[in-house]
1. Could you tell me which of the residues 102, 88 is within 14 Å of residue 25 (Cβ to Cβ) and surrounded by 14 or more Cβ atoms within 10 Å (Cβ to Cβ)?
2. The conditions are (1) more than 19 Å from residue 114 (Cβ to Cβ); (2) outside any helix (DSSP H, G or I), and residue 87 fails exactly one of them. Which is it?
3. Within the bounds of the stretch 84-104, is there any residue that is more than 20 Å from residue 23 (Cβ to Cβ) and in contact with a strand residue (DSSP E or B) (Cβ under 7 Å, 6 or more places away or on another chain)?
4. Anything in the stretch 71-84 that is part of a loop (DSSP other than H, G, I, E, B) and either touching a residue at least 60 places away in the same chain (Cβ under 8 Å) or farther than 17 Å from residue 46 by Cβ (or both)? List them, or say none.
5. Where the second residue is buried (at least 16 other Cβ atoms within 10 Å of the Cβ) and part of a loop (DSSP other than H, G, I, E, B) and the first is in contact (Cβ under 8 Å) with a residue 60 or more places away in the chain and lies in the stretch 104-128, which pairs have Cβ atoms under 6 Å and are six or more apart or on separate chains?
6. Tell me which of these residue 61 doesn't satisfy, since it passes every other one: (1) touching a strand residue (DSSP E or B) at 6+ places or on another chain (Cβ under 9 Å); (2) touching a residue at least 60 places away in the same chain (Cβ under 8 Å).
7. Restrict the check to the stretch 50-59 and report whether at least one residue is part of a helix (DSSP H, G or I) and closer than 20 Å to residue 32 by Cα.
8. Which of the residues that make up the stretch 7-45 are at pLDDT 90 or above, loosely packed, with under 13 Cβ neighbours inside 10 Å and closer than 18 Å to residue 85 by Cα?
C-alpha cells in the first residue's frame, strides 16, 4: 500500500530538473526588481521597451478582435546578451500569447548579473 501511495505522489510531481514554476519565476523577478540593481535595470528596460510593447499590444488586440482584454502576466528570462528566453504568460488568452510571441523576438538591454543564475527573470503585469 505504501508503494502505491509513493508512486501516486511521484506521478503527480513535476519531473526533476524542469526548473522553476511560473509563480516561482514571477516571485524571483519581483525580488530582483527591488534589489540594489533592480530600479536601474527597470528604467533601462522600460526606456527601450515601452513604445514597442504598446504598439505590439495594440496590434495583438486588433488582430484578435473581438479581443479578450483580460489581465495577464508575462514572465521571461533575459539572457546576458539581452535575448528573451522562456517567455510564458498566464492567463494565456490569444492577446497574451500574441504579445508573448512579439516579446520573444525583441532584444533588451543586457541585465545585471544575478547570483545563482545566468539569466535575469522579468515579469510584466498587463491590464487594459
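The values are calculated or read from the model by the stated rules, or taken from the named source; none is laboratory data. Fair warning: this is a prediction, and the values are worked out from it, not measured in the lab. Because the Cβ atoms are built from the backbone with ideal geometry, glycine has one as well, and the counts that use them run over all protein chains shown.
1. 88
2. (1)
3. Residues of the stretch 84-104 that are more than 20 Å from residue 23 (Cβ to Cβ), as a first pass: 94-95, 98, 101-102, 104.
Restricting the remaining residues to those that are in contact with a strand residue (DSSP E or B) (Cβ under 7 Å, 6 or more places away or on another chain) gives 104.
Yes - at least one qualifying residue is present in the stretch 84-104.
4. Taking the stretch 71-84 and keeping what is part of a loop (DSSP other than H, G, I, E, B), we get 71, 79-82.
Within the stretch 71-84, 71, 79, 80, 81 meet the criteria.
5. 120/111
6. Unmet condition: (1).
7. For the stretch 50-59, residues part of a helix (DSSP H, G or I) and closer than 20 Å to residue 32 by Cα: present.
8. Once the filter is applied, which keeps residues that are at pLDDT 90 or above, loosely packed, with under 13 Cβ neighbours inside 10 Å and closer than 18 Å to residue 85 by Cα, the stretch 7-45 yields 21, 23, 24.
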